[in-house]
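The values are calculated or read from the model by the stated rules, or taken from the named source; none is laboratory data. This one's a predicted model, so the numbers in the text were calculated from it and none came from an experiment. When we count neighbours, we look across all protein chains shown, and the Cβ atoms used for this are built from the backbone with ideal geometry, even at glycine. All accessible areas refer to the heavy atoms of the entire protein, side chains included, with ligands and DNA or RNA removed. Shrake-Rupley method; radii C 1.70, N 1.55, O 1.52, S 1.80 Å.
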Amino acid sequence: MNRRAFLALSAATAIAACSSNPSSTPLGADGKPKTKLYRIGPGSANRIQFRVLDSVNALRQAAGVSTLQMDAKLNAAAATHSRDMAVQNRPWHFGSDGSSPIDRVQRAGYSGRMVGETISETYETELQTLSAWMEEPSTRAVILDPSARDLGFSWHQESNGKIWWTMVLGSPDLAAIPGMAAAPLDSAVSAG
């Protein structure tokens with residue numbers, strides 16, 4: 001009787017193993033499981049922007065620096081640049097018209113000084129992108145810059161799912177300091 005129970009249990013285990021076939025998960029060209037396409041729906045802007053703000057503030061608090069507040073003008077500058085990077089089809093800090101991040105922040109009407117900008121071309125979520133930025137010393141330095149007080153965050157998603165993310169940090173206090181140099185920009189990070 002014990003032998004029959006053992007054989008039945010072995011057969012059931014083998015059948016279960018076949019039904020949960022790991023090869024049914026689609027794999028990418030790199031042999032890793034394909035990620036599910038992240039689509040940003042209409043009406044998601046506030047939810048995404050404040051999720052990033054909360055996450056950035058948690059990272060800044062852990063680093064012992066002041067938290068940020070969302071700034072609509074910096075959001076506009078970030079949105080403009082995200083769309084422009086998509087048009088240019090390359091992640092870089094200069095606009096198709098030759099504008100710098102400082103130019104875009106000023107054009108958006110932000111009266112403070114731009115502290116830094118982080119950008120990315122990816123298919124990943126905003127939090128995965130933030131995580132990738134935190135792994136790179138140059139973008140981590142921008143995100144944790146103690147002089148920053150304001151944050152702008154936006155994106156442009158193409159029909160194929162590719163997302164162009166832009167984060168701009170600024171400080172209203174730095175505008176009044178003559179000769180204060182802006183912090184260096186980060187290098188472009190392609191996460192994904």
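Data for the structure
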quantity	calculated
Matching residues in segment 78-93 - criterion: being outside any helix (DSSP H, G or I), open to solvent by 40 Å² or more (accessible area, probe 1.4 Å) and touching a strand residue (DSSP E or B) at 6+ places or on another chain (Cβ under 8 Å)	90, 92
Unmet criterion (only one of (1) out of contact with any strand residue (DSSP E or B) (no Cβ under 6 Å at 6 or more places or on another chain); (2) part of a helix (DSSP H, G or I); (3) open to solvent by 20 Å² or more (accessible area, probe 1.4 Å)) for residue 124	(2)
Selected residue (only one of 96, 111 is surrounded by fewer than 18 Cβ atoms within 10 Å (Cβ to Cβ) and either under 15 Å from residue 143 (Cα atoms) or in contact (Cβ under 8 Å) with a residue 60 or more places away in the chain (or both))	111
Lone qualifier among 47, 39 - being over 21 Å from residue 145 (Cβ atoms), assigned to a helix (DSSP H, G or I) and modelled with pLDDT under 95	47
Test for residue 86: is it more than 19 Å from residue 149 (Cα to Cα) and either under 22 Å from the mean Cα position of the chain (by Cα) or modelled with pLDDT of 95 or more (or both)	yes
Any hit, segment 95-107, residues being part of a loop (DSSP other than H, G, I, E, B), over 18 Å from residue 159 (Cα atoms), at pLDDT 95 or above and touching a Lys or Arg at 6+ places or on another chain (Cβ under 7 Å)	no
Qualifying residue in segment 132-148 (condition: at pLDDT 90 or above, more than 20 Å from residue 63 (Cα to Cα), open to solvent by 40 Å² or more (accessible area, probe 1.4 Å) and not in a strand (DSSP E or B))	no
Residue satisfying all of: in segment 156-188; among the β-branched types (Val, Ile, Thr) and either over 17 Å from residue 128 (Cβ atoms) or touching a Gly at 6+ places or on another chain (Cβ under 7 Å) (or both); modelled with the highest pLDDT among these	168
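Residue-by-condition table, conditions (1) touching a Ser or Thr at 6+ places or on another chain (Cβ under 9 Å); (2) open to solvent by 60 Å² or more (accessible area, probe 1.4 Å); (3) modelled with pLDDT of 70 or more:
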residue: 11; (1), (2), (3): no, no, no
residue: 22; (1), (2), (3): no, yes, no
residue: 61; (1), (2), (3): yes, yes, yes
residue: 71; (1), (2), (3): no, no, yes
